[in-house]
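In what follows, a single structure is set out as structure tokens and then discussed.
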Protein chains: 2
Amino acid sequence: MIKLGVLLSGSGSNLQAIIDAIAAGNLDASVALVVSSRPDAYGLKRAQAAGIPTVALSREVYNNQAAADELIANELNRANVNYVVMAGYMRKVTAPILNMFPNRVINIHPALLPSFAGAHGISDAWEYGVKVTGVTIHLANAEYDKGPIIAQEPVIILEDDTTETLEERIHAVEHELYPKVLQWFANDKVHLNEKTGKIDIL
Amino acid sequence: MIKLGVLLSGSGSNLQAIIDAIAAGNLDASVALVVSSRPDAYGLKRAQAAGIPTVALSREVYNNQAAADELIANELNRANVNYVVMAGYMRKVTAPILNMFPNRVINIHPALLPSFAGAHGISDAWEYGVKVTGVTIHLANAEYDKGPIIAQEPVIILEDDTTETLEERIHAVEHELYPKVLQWFANDKVHLNEKTGKIDIL
């Protein structure tokens, strides 16, 4: 049983997928805290509906990232979180959080990294004209979108896709993959190989 | 029925896959000419065994790329080739060939472009630690490895893979995908959308 702290900025559909997987008995975890970078994120409502404590950054705190990440790190620590789960968190995670949870900050990206890093993974892949994109779950580190890759799943772009239908399918894969990979953590299957710098799944 | 000119530098296993697909009736094409950048490439033997005319560059011609590509373009033209198929051709294709066959030079790359462009697509992906790689077939243009993507197929990296087993699986996908995509050309299904710059498969 692992304790998760979830960081989000928006609708929180990945948080919901995690909550649902826990309720269904497919993920041996609890969500101890949800942190939103925005006070009006719908994900906060989902957390409250599930009885999960929340922290939302005020605009003043948000604007000072060093202070914000110090505050977030302390709140996560106070909640005895084992892993920090970025779920649509539209902001980098900086030293205060990374140092408090070394190799225990997990991010999901809606493309097959290293292709289409950055804030627009789905539309960048679409514009480029790739025929396969996908979802990546990786450890976050100081080099954004470049941390060791834990899991990837391809999503085939279909000839009659639009950006909207592609986005839907990618989110569907995210919602399935994130709980599955978090269960790997619960089962202690995810190991960073210090020699290769790569993730081994045991 | 389309006429192909195949460029290669090595063993020619993709050429063999094309020859076999034609013989099996799965590809409405003929290979009118095989050009090797090296006089000792095993692919030349495969071509000769299939009764296909060959051209091999001498070292002197090879060393002068402008002259070499002029010669290759003229030979391909003389053979009435419709499409130029790069199949393990370890060299860029330059203006004389690209201008003679605009949007009709096809390349295969053993990774999911734009990730891991360059001469070491398989080992670069392996070293990076991705969990999904694959095969890309694209139109070659002046920006190497950046031409419009025609087809991609993912290859999942397994926990017990080695670079060797991964390489085998990627080559197996290449040998299946290349004839299939060439048949799309034979059926006139591949169209470059001038507005988006992307390939539509009709």
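The values are calculated or read from the model by the stated rules, or taken from the named source; none is laboratory data. Given the structure is predicted, the values throughout are model-derived calculations rather than measurements. With ideal geometry, Cβ positions are generated from the backbone for all residues, glycine too; neighbour counts draw on all protein chains shown.
Scan A:K180, A:K198 and give me the residue that is in contact with a Gly (Cβ under 9 Å, 6 or more places away or on another chain) and not hydrophobic (A, V, I, L, M, F, W, C).
Sole residue among the options that is in contact with a Gly (Cβ under 9 Å, 6 or more places away or on another chain) and not hydrophobic (A, V, I, L, M, F, W, C): A:K198.
For A:N82, indicate whether it is more than 14 Å from chain B (Cβ to nearest Cβ), buried (at least 22 other Cβ atoms within 10 Å of the Cβ) and in contact with a Gly (Cβ under 9 Å, 6 or more places away or on another chain). Explain how you work it out, then say what you get.
Working: more than 14 Å from chain B (Cβ to nearest Cβ): yes; buried (at least 22 other Cβ atoms within 10 Å of the Cβ): no; in contact with a Gly (Cβ under 9 Å, 6 or more places away or on another chain): yes.
Judged against the criteria, A:N82 is not a match.
Can you tell me which of B:P96, B:P114, B:P102 is away from every other protein chain (no Cβ under 13 Å) and in a loop (DSSP other than H, G, I, E, B)?
After applying the criteria, what remains is B:P102.
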Checklist entry - What pairs can you find where one residue is in segment A:53-74 and on the phi > 0 side of the Ramachandran plot and loosely packed, with under 14 Cβ neighbours inside 10 Å, the other is small (G, A, S) and modelled with pLDDT of 95 or more, and their Cβ atoms are less than 9 Å apart, with a gap of 6+ or different chains? => result none
Item to check | Among the candidates A:V34, A:V55, residue that is assigned to a strand (DSSP E or B), touching a helix residue (DSSP H, G or I) at 6+ places or on another chain (Cβ under 6 Å), over 19 Å from A:H175 (Cα atoms) and not aromatic (F, W, Y) | outcome: A:V55
Checklist entry - Can you name every residue in segment B:131-181 that is touching a residue at least 40 places away in the same chain (Cβ under 8 Å), more than 22 Å from B:I22 (Cα to Cα) and of a type in the set (D, E, K, R)? => result B:E167
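Residue-wise test of (1) under 30 Å from B:I201 (Cβ atoms); (2) within 13 Å of chain B (Cβ to nearest Cβ); (3) of a type in the set (V, I, T).
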{"position": "A:D160", "(1), (2), (3)": "yes, yes, no"}
{"position": "A:E167", "(1), (2), (3)": "yes, no, no"}
{"position": "A:I170", "(1), (2), (3)": "yes, no, yes"}
{"position": "A:H175", "(1), (2), (3)": "yes, no, no"}
{"position": "A:P179", "(1), (2), (3)": "no, no, no"}
{"position": "A:Q183", "(1), (2), (3)": "no, no, no"}
{"position": "A:V190", "(1), (2), (3)": "no, yes, yes"}
{"position": "A:K198", "(1), (2), (3)": "no, yes, no"}
{"position": "A:L202", "(1), (2), (3)": "no, yes, no"}
Checklist entry - Taking segment A:119-140 as the search range and keeping residues that are within 13 Å of chain B (Cβ to nearest Cβ) and in a loop (DSSP other than H, G, I, E, B), which one is nearest to B:V155 (Cα to Cα)? => result A:K131
Checklist entry - Which condition number in (1) modelled with pLDDT of 95 or more; (2) assigned to a loop (DSSP other than H, G, I, E, B); (3) of a type in the set (K, R) is the one that A:K45 fails? => result (2)
Item to check | Matching residues in segment B:2-28 - criterion: being loosely packed, with under 15 Cβ neighbours inside 10 Å and at positive phi | outcome: B:G25
